Every structure is written in C-alpha cells, then in structure tokens.
Protein chains: 2
Amino acid sequence: MAQRHLDPTTPLTGPAPTGDALAGYLRAQATEFLRALRLHRETGPGAGASDGSADAARALRRSARRISASLHTFQSLLDTDWCEGMRPELAWVSGTLAMEHAYTSRLERLLNALHRLSGSTALPGQTAAAAAPTKASAPAHQTSAPERGNLTVGAAKAGALLDRQLNLARTRAHSTALQALGSSRFHAIADKVAVLASEVPLTKTAVTTDLRPLATSAEGRLTDAVAALPLVTAGNPYNASALVHGLSPDTVPHPQDAPWHQVRLLLRLHRYAREALRGETDGNAVVDLRLLSAGQALNRHRDASEAAAAAAQAARTPRIAPATAYALGVLHADQRHEVEAARFAFQQCWQKETVSTS
Amino acid sequence: MAQRHLDPTTPLTGPAPTGDALAGYLRAQATEFLRALRLHRETGPGAGASDGSADAARALRRSARRISASLHTFQSLLDTDWCEGMRPELAWVSGTLAMEHAYTSRLERLLNALHRLSGSTALPGQTAAAAAPTKASAPAHQTSAPERGNLTVGAAKAGALLDRQLNLARTRAHSTALQALGSSRFHAIADKVAVLASEVPLTKTAVTTDLRPLATSAEGRLTDAVAALPLVTAGNPYNASALVHGLSPDTVPHPQDAPWHQVRLLLRLHRYAREALRGETDGNAVVDLRLLSAGQALNRHRDASEAAAAAAQAARTPRIAPATAYALGVLHADQRHEVEAARFAFQQCWQKETVSTS
C-alpha cells in the first residue's frame with residue numbers, strides 16, 4: 001500500500017502493464033456496461049426517476065465514460081476504425097443519459113441556494129404571515145412593511161419559475177433518454193460492447209507495448225492545461241473574477257469557464273488512464289484523495305457555472321415580475337461566486353499536490 | 001523610531017502622559033476645527049462639491065470625530081456636564097457633514113461595480129451597436145440576439161436609476177449640510193470649540209492622572225468586540241455567510257453587519273486614544289500600518305454593506321423593468337460578497353497583529 005501511494009503510476013508488482021492490461025480493463029468495463037443495462041431494464045425505465053433506474057443509468061454512464069476515455073488515451077493500441085466508430089457513439093450514450101440527472105441536481109442546487117438566501121427564519125411564502133400583526137383577527141396578507149416582503153415573494157416566485165423550467169427540461173431529457181435506449185442506434189452500440197466484453201480489437205503489437213508512456217501523455221495534457229489556468233488569481237480569495245462580465249450580453253455560457261471545464265475532462269482522462277494501468281475496477285480502485293478532491297472542485301465549478309446560467313436564462317422569461325428578476329439576479333451572482341469558490345478549492349488541492357510531490 | 005514600533009502605547013520619552021497631554025491634543029484638534037471652518041467659508045459652501053469645499057468639510061469632520069472620541073475615552077478627566085452637552089452636538093456635525101460624501105462615494109462604488117459586471121468590451125448603452133451587424137446600413141438597434149442584450153440594457157438602466165436616486169439624496173444632503181452650517185445650533189458649537197482651543201475643562205485631578213489606563217480600556221473594548229466577531233468563519237474564504245438572508249425581508253440594514261460596524265467605531269476610538277497619548281497631530285502622527293489596514297478593511301465593509309442596501313432599495317422602486325431588477329440583484333449580491341471579502345481582509349490583518357505581538 002505504501003508503495004502505491006509513493007508512486008501511484010507504477011503497478012504494485014510484475015512487469016510493465018501492456019495492451020493485455022488495457023484489454024482486461026476494457027473487458028471489465030464492457031461487462032459492467034452490460035450489467036448496468038440489464039439492471040436498467042429490470043428496474044423498468046418507464047419508472048422514471050426511481051432510485052434503481054437512476055443508479056443503473058449512472059452505472060451505464062460510468063462505464064461508457066471509461067471505455068470512451070480508454071479508446072482516447074490508448075488509441076494507438078486499438079483498431080483505428082473501430083475506435084473512431086465507437087467513441088462518438090459512447091459519448092452520445094453518456095451525454096444523453098446524463099441530462100436528466102443534470103437537470104435534477106441543477107434544480108436542487110438552485111432551490112437550496114434560494115432557501116439559504118431567503119434565510120431560515122423567513123421561508124418563501126411565510127413572510128406575509130410572519131410580518132403581519134400578531135392579532136388573530138389581522139388578515140395574513142396585511143403586513144406593516146409590504147414592500148419589504150416583495151423580495152422574499154421574489155425568491156418564492158423565482159423558485160417556482162426555475163422549478164417549472166427545469167422540471168420541464170428534466171422530463172424532456174427523461175423521454176429523450178428512454179427513446180435513445182430503445183433506438184436501433186443504441187442496440188448497435190450495446191451489441192458492440194457485448195463483443196468488447198470478450199474480444200478487444202488490439203493491434204498486433206499492443207500485447208507487448210508499454211501502456212505507461214500513453215498514460216504519461218494523458219497526464220502531460222492535464223498538467224499543461226492546468227498550467228494555462230489563472231491559478232495565481234484563483235488562489236487569491238475574493239478576486240471577484242468569476243462575476244466579471246456577469247451582466248455582459250455574452251455570458252451564457254461564460255467563456256472564462258471553458259478552460260476549467262477542459263481541465264475537468266483531462267483530469268478524468270488521467271484518472272481513468274491510471275485505473276487502466278493498474279487494472280483497477282470498482283472493487284480494487286486505489287483512491288487518490290488529492291485527485292478526487294481536485295475533481296470534486298471541478299465538478300462543483302461545472303455545476304455552479306451551469307446553475308448560474310440557468311438563473312440568467314430564467315431571468316429572460318418574458319413578463320416576469322421585477323421581484324422575481326431581482327431574486328434571479330442575486331441567485332446568478334451567488335452561483336458565480338460558487339464558481340470562484342470552486343476555483344479557489346481546486347487551486348488549494350493542486351498546490352498541495354505539487355508541494356507534496358516536489 | 002524603533003522603540004515606537006515595538007511598544008506603540010508608550011510615548012518616546014519623559015513621564016507618563018496625563019491630562020496635560022489630553023488638553024494639548026484637544027486644543028490642537030479644536031484649532032484644526034476652526035481652521036477647517038474658516039477654509040470652508042472661504043471656499044464658499046454654495047460652490048457645492050468643489051474640491052476645496054469638500055476638503056474643508058472632510059477636515060471639519062476629522063477634527064469633530066477626534067474631539068468627540070477624546071470626550072468619550074477620557075470622559076473622567078473632563079467636566080461631565082460639558083462633555084455630555086458637547087458630544088451629541090459634535091456627532092450631529094460630523095454625521096450631517098458626512099452624508100453628502102457618503103452618497104457620492106456610494107454612487108461611484110455602485111457605478112464602478114456595474115461597469116465591471118458589464119464587462120469592458122460591452123459597456124452599458126453600447127451593446128446594441130456592438131452586437132449589430134458590421135454593415136454600415138444596418139440600424140444600430142437591430143441585433144442578432146436582442147434578448148441577450150436585455151441584461152446589459154438592465155445594467156445601464158440600473159445605473160441610471162441609482163444615479164438618479166443617489167444624486168437626489170446627495171443634493172438633499174448638501175442642502176441639509178449647508179443649512180446646518182448656517183444654523184444657530186452650529187454657531188453655538190463653533191463658539192464652544194473656539195473656547196476649547198484655548199481652555200480645556202479638565203477636572204482638578206486630571207493634570208496628574210495617567211491617561212494610559214483609560215486608553216487601555218478603550219483598547220480592551222475593541223479587543224472584546226473583535227473577540228466576539230465570527231473571525232474563524234471570516235478567515236475561511238468563500239464561506240458565503242455575507243449573502244445569507246440576502247433575499248429575506250429584513251436585510252436592509254443587514255443585522256449581521258452590526259458587530260463589524262461597532263468594531264469599526266471602537267477601532268477608531270482606540271486609534272484616536274493612541275494619538276492623544278502621544279500628543280500626535282497631523283504633522284507628527286505615527287502610522288501603525290496594521291491598524292490602518294484593519295480600519296480600511298472595516299471602512300470597505302461599511303461602504304459595501306451600504307452600497308448593497310442601496311441596490312436592494314433601488315430594486316423596490318415601483319414599475320422598474322425586470323432587466324433592471326435583475327441587474328440590481330446581481331449588483332446587490334456582488335456588494336454583499338465585497339462585504340465578505342472585507343471581513344476576510346480584516347481577519348487577515350488582525351491575525352497578523354496578534355501573531356506579531358505574541
């Protein structure tokens with residue numbers, strides 16, 4: 001165990017990992033994909049957001065991402081035509097299946113934020129009653145400071161608007177996912193994955209080729225992308241950079257977020273390449289806490305970025321009340337600060353990593 | 001000089017400072033008050049926001065604050081009736097004179113923030129033209145994404161609204177200050193200050209009483225108030241506490257800011273007590289950089305808190321457009337994060353101070 005932590009890119013024992021290890025990893029992920037698919041069909045996709053169905057969809061995405069990532073990182077060891085045919089299809093599967101979950105968690109994030117911003121003592125909808133005179137005869141809608149209550153009414157209305165818009169999007173994403181899983185396109189992919197579970201299309205030389213240089217290249221792409229991030233700024237708390245251009249017309253999606261999203265993807269490729277090298281599957285994965293927390297910071301960055309965009313988008317709904325728009329503005333800025341906080345958290349993780357390996 | 005820095009509460013040489021030193025300090029501040037008043041009358045109060053007039057008003061407030069603070073900290077060395085009659089009058093002078101400057105700087109802070117939030121490439125009012133096709137014949141108001149431009153239009157409208165509201169408040173504050181300076185109430189105060197410039201109403205024992213225990217008490221009140229602040233939270237960047245209750249109905253003024261405002265006042269009392277101890281006036285003041293930066297952080301906290309409240313207040317203007325309200329919501333949240341940033345900055349200063357004196 002100690003050796004694993006000291007030099008995590010080297011496997012525990014034995015010779016250098018080659019195409020054989022890659023084949024083993026791909027077979028395991030393909031098997032996991034098929035198991036998840038079977039589970040998804042058993043739990044009944046029509047059941048919608050049932051826990052079993054959601055878990056199965058998550059497992060499907062999980063293995064699809066790993067197969068796709070391995071095809072990317074270790075492409076030179078695999079049949080080129082097969083790789084090029086397979087990767088966009090796997091991306092389509094994981095992308096399509098991810099949408100429902102994304103809308104669900106985005107709505108949850110935004111409603112939690114609205115709740116926090118409205119304060120625990122005055123929940124949306126309770127304000128008028130709370131502000132009313134304590135006399136039992138006083139109607140609940142009569143308040144001594146009605147103009148003050150507006151903003152909380154705004155928070156409640158903003159919540160209702162987001163709930164409507166994101167639930168609609170979630171329902172559509174659910175239907176789209178169901179259609180995708182029943183399509184001939186998906187069946188063709190499932191068939192290919194079933195073949196992969198027993199037969200990996202390695203090139204002739206792959207069996208004796210060392211995987212490590214390819215994994216190192218993946219790590220190099222990550223390191224380069226991180227080096228290009230504005231980490232000095234990010235490590236300076238309250239730099240106020242995430243909300244810059246927050247009211248400019250081209251902020252959805254926010255261009256400054258793109259390099260961070262890219263690092264998130266490269267970090268994932270690096271993590272999966274490490275798994276393939278060590279032949280890790282769910283059961284025996286060695287968790288690198290620093291990579292894990294860096295990845296979590298980037299997930300939070302992505303989630304907050306998209307939540308901020310959803311709040312800005314909702315504010316463009318025609319004929320909303322000013323109080324609703326105001327609450328959405330506060331919410332947008334709050335999530336953009338979450339974006340900034342996530343960058344700070346990533347910078348802190350990454351710096352630790354650099355320090356401890358130097 | 002080195003000794004001053006090592007133990008700043010002890011004067012350089014000679015015996016302990018007594019009521020004599022206090023009398024000297026009060027005479028100097030009273031003289032400064034009269035000089036500023038003369039300057040203010042010479043530059044012509046009717047000239048409004050002229051530089052000379054503003055400088056004179058600032059100098060008047062500056063000396064009024066110092067006299068008032070000394071009356072508070074060293075009250076036991078001064079005639080009680082005189083103190084009790086003088087302090088509210090000095091508070092009225094500095095409070096009344098402060099308003100015009102406060103509205104001016106609040107508006108400047110909010111417009112700067114809107115400018116930053118709108119991005120440097122798309123200033124409010126320029127968006128439609130910038131987004132329009134480059135063909136010279138295309139009307140400037142035709143844009144390929146009009147709904148996107150709304151938010152920037154919102155920023156421009158929010159700026160215009162704040163400009164209108166805060167300029168009106170500033171103009172009123174200016175008239176109020178002019179009326180105050182011409183009032184019999186003010187003339188009575190000026191007469192008392194003129195007497196103070198030559199004759200300080202010390203108690204009989206004051207001349208031999210050590211000032212230091214009273215200054216130490218002032219410092220103790222500051223230390224106690226700082227100890228009650230949530231500094232652990234403040235030192236944890238992106239704690240998101242300043243925007244909690246940001247949409248609750250009772251946020252203007254924000255109750256959580258009050259202890260910080262109180263520390264700001266106590267820090268000032270501590271600073272002025274140190275000046276009195278050392279007989280410092282403008283010419284020979286020893287600047288303690290840590291106290292100075294802690295004070296600046298608390299000024300920034302106060303300014304951002306009041307700017308955030310002004311944005312929230314403007315959002316309650318009847319019949320504003322949703323885009324305007326949205327921009328004001330973003331602006332409010334931005335300033336609340338400035339509040340949080342200022343608390344972090346204060347915590348950093350204060351921690352340094354504690355570490356370096358331990």
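A few remarks follow.
- Distances between copies of B:Gly182, taken at a point 7 Å out from Cα along the Cα→Cβ vector and listed shortest first: 8.4 nm.
- Other protein chain C-beta atoms within 10 Å of residue C-beta, averaged over A:339-352: 1.
- The convex hull defined by the C-alpha atoms of the range B:211-358 has an orientation-averaged projected area of 10.5 nm².
- Distance between the C-alpha centres of the range A:66-102 and the range A:192-220: 14 Å, rounded to the whole angstrom.
- Exam field: B:Asp81 pseudo-label spacings to other copies (7 Å along Cα-Cβ), nanometres: 11.0
- FRET efficiency, A:Val232 to B:Leu289 (Cβ-Cβ, R0 30 Å, nearest 0.05): 0.80
- On full extension, the segment bounded by B:Glu199 and B:Ala16 gains 63.7 nm, given 0.36 nm per residue less the C-alpha separation.
- Amide proton proximity set for A:Leu78, modelled H, under 5 Å, gap of 5+: A:Thr203
- Convex hull volume per residue for the range A:189-281, taking Cα atoms only, in Å³: 167
- In the assembly of identical copies, B:His261 has its label point, taken 7 Å from Cα in the direction of the beta carbon, separated from the corresponding points by 4.3 nm (ascending, one decimal).
Values in this text are rule-based calculations from the coordinates and carry no lab data. Quantities reported herein were computed from a predicted structural model and do not represent experimental measurements. No Cβ is skipped: glycine too gets one built from the backbone with ideal geometry, and neighbour counts run over all protein chains shown.
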